[in-house]
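Beneath this line is the structure, given in structure tokens, with notes to follow.
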Amino acid sequence: MDTIVDNEWVGDHLDGVHLVDVRDAWEYEGIGHLPGAVNVPFDSFRSEEDGEGGMLPGAAAFAELVGSVGIENGDEIVAYDDMHGVFAARFLVTCELYGHSRESLHLLDGDYSSWSREQEVSRSAPEISSVEYEASFVEDGPLVDLTAVESAMDDPESILVDTREEWEFEEGHIPGAIQLDWLELVNQEERGLKPETEIRSLLEARDITPDRRIVLYCNTARRISHTYTVLRHLGYEHLAFYEGSLTEWEREGGSLTQ
């Protein structure tokens, strides 16, 4: 099953997946949501101090949160937001980092606005029964540390990809990194991804190819997560990401280049 699924697919599978809306509660309740979707606001699965790395919330907190909306470990999940999927992608990556099978994790191609133009929406919250969810941080998962970034810098089979905007990249970046703004992958007018052929051409032009190990970094986890999800959808298998800030990078002795 595809990592990124469209409106038609979701409409045909409403009874077989758990839809997760990561917008704020007031948007979910007041503006409307996909029928049957549960609300897991973006800020509820982030923490600056309690998690195992980056902005992760901690395994116990995440297990309680996900179980409280009725999601079990083997469930198929489709997440969405109203910002081209960048916040929803972070939820999916968090699920993966805590052991949910990534083959069961899907991003809606587009967002709530895209869905609401064509499909039915709801303002009624579904009935929810909490369940036990087991979560543990995957030590050998795609989240890597400074050492892995340093190794990638010296590895001709690897490539560092900076998912920030061009002006941020120009102010300073890890030496050898390639800049790829996550929004370059999105058709902002239609809300979803650009055609696959266009995305692949963009990536190949920057030598971001499936045969190389891709190490992503940024200063926001959601932008990394979106690019990671798109690359996974395209069949890239050798993916990792670093969530430390460039301030941390410099503090640990790393240099930046302009």
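Stretched out fully, how many nm does the piece from Asp155 to Glu171 gain, at 0.36 nm a residue minus the Cα gap?
3.3 nm
Take the alpha carbon atoms of region 28-51, find their center, do the same for region 206-222, and report the distance between the two centers in whole angstrom.
Cα centres, region 28-51 to region 206-222: 27 Å.
Residue by residue through region 194-209, which ³J(HN,Hα) values in whole Hz follow from phi under the Karplus form 6.51 cos²θ - 1.76 cosθ + 1.60 (θ = phi - 60°), with glycine and proline marked x?
5, x, 4, 4, 5, 5, 4, 5, 4, 5, 5, 5, 9, 6, 8, 10
What size of dipole, in debye to the nearest 20, comes out for region 4-118 about its Cα centre when the only charges are +1 on Lys and Arg C-beta atoms and -1 on Asp and Glu C-beta atoms?
Dipole magnitude for region 4-118 comes out near 100 debye.
222 nm [θ] for the chain, helices only, -39500 (n - 2.57) per DSSP H run of 4+, per residue, to 500?
Details: 9 runs with 78 residues, N = 258.
So the helix-based figure for the chain works out to -8500 deg cm²/dmol.
Could you list Trp9, Trp182, Trp249 in order of exposure, starting from the residue whose Cβ has the fewest other Cβ atoms within 10 Å?
Ranked by crowding around the Cβ, least crowded first: Trp9, Trp249, Trp182.
Report for the chain the percent antiparallel among DSSP-assigned beta bridges with both residues inside it, nearest 5.
10 percent
Quick one: Kirkwood hydrodynamic radius for the chain, alpha-carbon pairs, angstrom, one decimal?
Working: mean 1/r = 0.0533 Å⁻¹.
With all distinct Cα pairs of the chain included, I get 18.8 Å.
When the chain is treated as a GNM, springs tying every alpha-carbon pair under 10 Å, which of Val186, Val93, Val22 comes out with the largest mean-square fluctuation?
Per the Cα network of the chain with a 10 Å cutoff, Val186 tops the list.
Under 8 Å for C-alpha pairs, at least 6 residues apart: give me the relative contact order for region 4-118, rounded to a whole percent. List each step's numbers first, then the result.
Values: 175 pairs, mean separation 34.8, N = 115.
Relative contact order, region 4-118: 30 percent.
Got a sec? Charge dipole of region 143-251, +1 on Cβ for Lys and Arg, -1 for Asp and Glu; which of Ile174, Tyr228, Ala148 is way out at the positive end?
Result: Tyr228.
Highest GNM mean-square fluctuation, the chain, Cα pairs closer than 10 Å: which of Arg117, Arg200, Arg102?
Its mean-square fluctuation being the largest, the pick is Arg117.
How many times 2.2 N^0.38 Å is the alpha carbon radius of gyration of region 35-153?
Details: Rg = 15.5 Å, N = 119, 2.2 N^0.38 = 13.5 Å.
So the Cα radius of gyration is 1.14 times the expected 2.2 N^0.38 Å.
Let me have the relative contact order for the chain, percent, based on Cα pairs under 8 Å that are six or more residues apart.
Computed over the chain, the figure is 21 percent.
A short reminder: the numbers here are calculations on the coordinates, not readings from a lab. These numbers come from a predicted model, not from an experiment. So basically every Cβ, Gly included, is an ideal-geometry build from the backbone, and we count neighbours across all protein chains shown.
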